[in-house]
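To keep things clear, I will list the structure first and then write my remarks on it.
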Amino acid sequence: MIFNTYWFFLALFPFLLIYWAVPSSLGRMVILLIFCAVFHTHFAGAAGVIPIIVLALISYLCGLSKNRLLIAAGITVCVLALCFYKYLFFISDEVIGAVNPELGRSFKLIFTSVLPAAPPLAISFFTFEFVHYLYEVRKGGEPIKNPLHFALFSIFFPSLVAGPIKRYSQFIPSLEEAVKKINWRSMALGMVLVCSGFFKKLCLADNLTSCTEYFADKFELIPPIERWLYLIALSFRIYLDFSGYSDIAIGLAAMMGIKLPSNFNWPYLALNIRDFWHRWHISLSTWIRDYVYIPLGGNRHGMVRTICNGAFAFALCGLWHGAHWNYIAWGLYHGIGISVCLLYPKVLGPVGLKIQTFLSKFWFIKWLMTYLFVAFGWLLFFFPLSEALEKFQLLFTFGYPK
Amino acid sequence: MKMKAYLENLRQWALENLEPKLVMVGVVVGFLLCVALGHYFARQNLYVNYHRLHPYISMDTQFLPTFSNLYELVKSRIVPGKTLVIVGGDSVFNGQGQTVDKLWSDQLQKDLGDKYSVVNISFRGGRVFEGAYWIYEALSKEKHDVIFVANAFGAVIGIPCGNTPYRYMYWDGHYKGFLRDFKAREDFIKFNSTLLLDQFQKPLDELYLCMQIDNYLRFRDLWNVVSYRLFSSIWTEGTAKDCLVPRILFEDKIPLSDTTNVRDSDQSLWLNTVRKYSQPYYQTVNGKLLPNHYGWREFDLLCDCAVMPDLRSNTLVVSTGVCPFYFDKLNSLEQERHNMVLDRAFGQYVRKGYNTLIINNLETDDFIDAVHLTPAGGYKVASQVAAKIREIKEKQQNNNQK
């Protein structure tokens, strides 16, 4: 979390005052860009900034060229950069190492010598935004010609670290409109949103984090009912943490008059798993839908292909969250969940239709099933596979293990 | 669902009816009001019925007393015509193992009688000249009659700007202007900061910023009042289900330990702790102990810059030693090393102008483990410390008469 650092607090106020005080649109954009660059450099360091500048330049120039081949090359470079910085150790440790540990170690040594100590800050978000931009331009969209606009789209500080993942076709018009005049209503709303985000993050999520981390390795020692409470706490921890962060980001942008896409819409009120993904991390799920699932064929090539496409897209979504098997398992779990949710009335025939009719009458059962499915999934998200399964078993163990 | 609809309606109502400029003004006024309250509470004594910094009002449960909190607490104990005795040091002087009704520092008050006022602000895990010493230094600006007492183990002293986790208090006092100018200490801090690796420097920079901002906004003082009197906001293992309960309602529940603990406690852990006190200062070469010049040079330097020269004559460093049960378990060379370190370190303290007291008549039954004292052990210490304090006072009076 970068927004709850004192540096940010101290830097933000003078920036906002200057931003609001500057009378011209261009002046506001320049001030905003300077602050974004200072913010990015402060938190990412030179080693984290340079790769992003290179990727941004490549994306900008490829987009300007409108050459489909060049754009495809640009997309490839962005994806390769993400793989290079984020997934090389995963490949050496958990893919090659799982088959041949000795070879895995050798690869790790090689990778250690070429990789920085940590991947560039928010490389996943940058890559997703650049890929989106290039893909849309390749499809015929108008590229961003103004370098100032592109730079701001690339390193816009509120969404830089953890999204929401922006769409340039929404962001640029919003930016152009915002810098024209101060929007007091947006500013006030943004301030309220920032406060609510900090409340969610610092007062609720951080406490749930301390609590769930403390009980994580004592899970088998706590009473069975408290294990279920732990599961609920875990599900709210990630929701409040992430949605709090998104609220701060969206609120900060709103304080400058800029609209960012919303990321959460009461996800735990979802009545099926598809509905959940329309409400959870919306900017990521729509990105995966638009740039992975649909290009793969979506649901246009029969049931088996639909299931495979969904599973692959969600496995990728899991891998995007972190370079470990448990994230992939979490993604697959949701991919399978969505497939079951969509296809069971067709696959089970009349029985499936009866189940569907029954569930449509009792929304509470639908809600409970969805919430439990999602909550069990968080075990996979937070813990290694074996530990997650062990915890899942313990939820249904009435008593204490011997 | 109803809740969601209600919140949506509320949002809609706010959008339609609230005047954004007024909201902004409200936020600014509210913020300034909080700052004013923070400044007000920074000048009040927070604690009620105070005996010591027990776990519920200290770092153990994430309640971090501010410099102002302790300064005002100590100031509230100043009575004209009485000598104020500030007790510092670590868990030994904090009274670990003694219930609040059998606390050694309360016994010290009884032993010293009406002419003295004792206040114990030692921390568990604190060093000799941390926390309490800085309060003593701050008070010395106002020329009160104060004696500072702290316990020490051999040559363990810590760096003068504070060690983890109490470093925050030094910088709190520094940026709020409580501490006096002390060139030797400032030179040491400057030199020490050049040795820090980047990964340690970043959190320190955040700490400095926090304390500088807090000097103006006093949010830590305000929040401590809220946590102490209204509601707490942090979940910790110690407060657990009562994490929202205001700290004022928590009783000092440090348990009374009996002497059987000496044998029951983790002996290897304690033996290693005892060994660590003397290890850095002598090395064994061919069965003989040779002084480690680097370790002693550092001790010498720290003695010079921990306490201001004019405050040393009113500073009493006490050694309560090690439980004989554990001391006997050391081999002869380790025992010799232990004694040599104690003699040399305390000799050095005397040469630098400090007062010292080595208590070596404690028996195994006076300890609950290798270093912490039972109430009986605490009472023995109290009587000897009281005698020494009187001696210091008499010496001062004689000097004044001359």
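Throughout, read-outs are computed from the coordinates displayed, never taken from laboratory work. It should be emphasised that the depicted structure is a prediction, and the values quoted were computed from it without experimental measurement. In this analysis, Cβ positions are derived from the backbone assuming ideal geometry, glycine residues included, and neighbour counts consider all displayed protein chains.
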Take peptide A:181-192, look around each residue's Cβ out to 10 angstrom, count Cβ atoms belonging to other protein chains, and average those counts. 4
Shielding of B:18-29 by partners, i.e. mean partner chain Cβ atoms within 10 Å per residue? 3
Any chance you could list P(r) for region A:302-343, counting all Cα-Cα pairs in 10 angstrom bins from zero, rounded to whole %? 37, 48, 15, 0
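Please report, in debye to the nearest 20, how large the charge dipole of region A:2-178 is about its Cα centre when each Lys and Arg carries +1 at its beta carbon and each Asp and Glu carries -1 there.
280
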Under unit Cβ charges (Lys, Arg +1; Asp, Glu -1), what dipole magnitude, rounded to 20 debye, does chain A have relative to its Cα centre? 1120
Lys/Arg Cβ at +1, Asp/Glu Cβ at -1, dipole of chain B taken about the Cα centre: which of B:LEU290, B:SER268, B:GLN44 is farthest positive-ward? B:GLN44
Name the residue, out of B:GLY30, B:GLY377, B:GLY158, whose mean-square fluctuation peaks in a Gaussian network model built on chain B with Cα pairs under 10 Å. B:GLY30
Most positive-pole-ward Cα, A:SER339, A:HIS301, A:PHE198, against dipole of chain A from beta carbon charges: A:HIS301
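For chain B, what relative contact order do you get, as a whole percent, if you take Cα pairs closer than 8 Å and at least 6 residues apart?
Contact order relative to length: 21 percent.
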Pick out, from A:LEU348, A:ALA81, A:ALA233, the residue whose Cα sits farthest towards the positive end of the charge dipole of the protein assembly as shown, with +1 on the Cβ of Lys and Arg and -1 on the Cβ of Asp and Glu. A:LEU348
Quick one: putting +1 on the C-beta of Lys and Arg, -1 on the C-beta of Asp and Glu, what dipole do you get for chain B around its Cα centre, in Debye to the nearest 20? 760
Identify which of B:ILE254, B:ILE57, B:ILE86 has the largest mean-square fluctuation in a Gaussian network model of chain B, with springs joining Cα atoms closer than 10 Å. B:ILE254
Kyte-Doolittle mean at least 1.0 and Cα axial length at least 27 Å: DSSP H helices in chain B: B:20-41
Summing -39500 (n - 2.57) over every DSSP H run of at least 4 residues in the protein assembly as shown and dividing by its residue count gives a helix-only mean residue ellipticity at 222 nm, to the nearest 500 deg cm²/dmol, of -19500 deg cm²/dmol
Rounded to whole Å, give me the distance from the Cα center of region A:210-236 to that of region A:34-95. 39
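What is the diffusion coefficient of the protein assembly as shown in µm²/s, taking the Kirkwood radius over Cα pairs and the Stokes-Einstein relation at 20 °C with a viscosity of 1.002 mPa s?
Approximately 69 µm²/s, per Stokes-Einstein.
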Show me the ranking of peptides A:155-163, A:43-51 by mean Cβ neighbours inside 10 Å, starting with the highest. A:155-163, A:43-51
Beyond a 30 Å Cα-Cα separation, which of these cross-linked pairs lie in this structure: A:LYS86/B:LYS202; B:LYS176/B:LYS276; B:LYS253/B:LYS352; B:LYS329/B:LYS393; A:LYS361/B:LYS4? B:LYS176/B:LYS276; B:LYS253/B:LYS352; B:LYS329/B:LYS393
In terms of the Cα gyration tensor, with a ≥ b ≥ c the square roots of its eigenvalues, is region B:94-174 rounded because a/c is under 1.5, prolate because a/b exceeds b/c, or oblate? oblate
Cα-based convex hull volume of region A:2-178 per residue, rounded to whole Å³: 126
Average partner chain C-beta neighbours within 10 Å, per residue of B:200-208? 1
Anything over 23 Å Cα to Cα? Flag those among A:LYS259/B:LYS21; A:LYS200/A:LYS366; B:LYS141/B:LYS388; B:LYS115/B:LYS143; B:LYS115/B:LYS395; A:LYS145/A:LYS259, in the order listed. A:LYS200/A:LYS366; B:LYS141/B:LYS388
What lysines sit close enough to A:LYS139 to cross-link, taking a C-alpha to C-alpha distance under 23 Å and skipping anything fewer than 8 places away on the same chain? A:LYS66, A:LYS166
Give the separation of the Cα centroids, region A:161-209 to region B:1-63, in Å. 21
Taking K and R as +1 and D and E as -1, what net charge do the other residues with C-beta under 15 Å from the C-beta of B:PHE153 add up to? +1
As a footprinting exposure proxy, order A:HIS301, B:HIS372, B:HIS39 by other Cβ within 10 Å, with the fewest listed first. A:HIS301, B:HIS39, B:HIS372
How large is the convex hull of the C-alpha atoms of chain B per residue, in Å³? 191
State, in angstrom, two size descriptors of region A:267-395 derived from its alpha carbons: Rg to one decimal place and Dmax to the nearest whole number. 15.0, 42
If you take the beta carbon distance between A:ASN265 and A:LYS66 as r and set R0 to 35 Å, what does 1/(1 + (r/R0)^6) give as a FRET efficiency, to the nearest 0.05? 0.50
Please report the spacing between the Cα centers of region B:208-245 and region A:257-308 in Å, no decimals. 40
Which peptide among B:163-169, B:320-326, B:286-292 comes first, and what is the full order, when sorted by highest mean count of other Cβ atoms within 10 Å? B:320-326, B:163-169, B:286-292
For region A:1-48, what class follows from the C-alpha gyration tensor (a ≥ b ≥ c being the square roots of its eigenvalues): rounded when a/c is under 1.5, otherwise prolate if a/b is larger than b/c, else oblate? oblate
